[in-house]
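The values are calculated or read from the model by the stated rules, or taken from the named source; none is laboratory data. Fair warning: this is a prediction, and the values are worked out from it, not measured in the lab. A quick note on method: Cβ atoms are made from the backbone with ideal geometry, for glycine too, and the neighbour counts reach across all protein chains shown. Side chains are part of the model used for accessible areas, which takes the heavy atoms of the whole protein and leaves out ligands, DNA and RNA. Shrake-Rupley method; radii C 1.70, N 1.55, O 1.52, S 1.80 Å.
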Amino acid sequence: MSSFIRGVFIVSLGVIAVSVFSADREVVSVQQAWVKLAPPGAAVNAAYMRLQNQSPIAQTIIAVSADCCSQVMMHESRLEGDSVVMDHKERLEIPAQSELVLAPGGLHLMLMGAHKPLTMNDKVSFVVEFADRTQQIIVAPVKLAADE
Ligand SMILES: [Cu+2]
């Protein structure tokens, strides 16, 4: 219960901050954002997207929150022997004038502690916080697979 309350509190703060800062930030454009529909009973969901940085300086994501869930972590999947393991990332860097791809089998956002199970076509609203303290909202639908 306490973690649920903390999650709501953080999201509220995020919304207030975004209304102040959103005009500053058109540096990163986001394409093909989606949240993978999880099997019934799953405790977590994963989100994927392409982040394009048109600016001449690298952009670094230091934290992400979402309205659906008490916590969002930045992860990278990799093979270790026959099993897939996930490394926790403290930050995600989008190189200058380049892009960072979050896709199944690699980098992803891990959504923990959903307030209710996510279902097809739900929209998840993320608040992404960058190292320069600006924030950006990303909205992603829940789907079975990425668009082709
Ligand atoms: Cu993960």
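List of remarks:
- Index of the failed condition, ASP147 passing every other in (1) in contact (Cβ under 8 Å) with a residue 40 or more places away in the chain; (2) open to solvent by less than 90 Å² (accessible area, probe 1.4 Å): (2)
- Subset of the stretch 37-75 that is open to solvent by 40 Å² or more (accessible area, probe 1.4 Å) and among the β-branched types (Val, Ile, Thr) - its residue that is farthest from the chain's Cα centre (by Cα): ILE57
- Subset of the stretch 114-131 [part of a loop (DSSP other than H, G, I, E, B) and either open to solvent by less than 20 Å² (accessible area, probe 1.4 Å) or in contact (Cβ under 8 Å) with a residue 60 or more places away in the chain (or both)]: HIS115, PRO117, LEU118, THR119, MET120, ASP122, ALA131
- Count of residues meeting criterion [over 21 Å from ALA146 (Cβ atoms) and either more than 14 Å from the chain's Cα centre (by Cα) or of a type outside the set (Lys, Arg) (or both)] in the stretch 76-116: 16
- Of the numbered criteria (1) at pLDDT 95 or above; (2) aliphatic (A, V, I, L, M); (3) out of contact with any Ser or Thr (no Cβ under 6 Å at 6 or more places or on another chain), the one LEU13 fails is (1).
- Residues of the stretch 90-112 that are within 16 Å of the ligand (Cβ to nearest atom) and exposed (fewer than 15 other Cβ atoms within 10 Å of the Cβ): GLU90, ARG91, VAL101, ALA103, PRO104, GLY105, GLY106.
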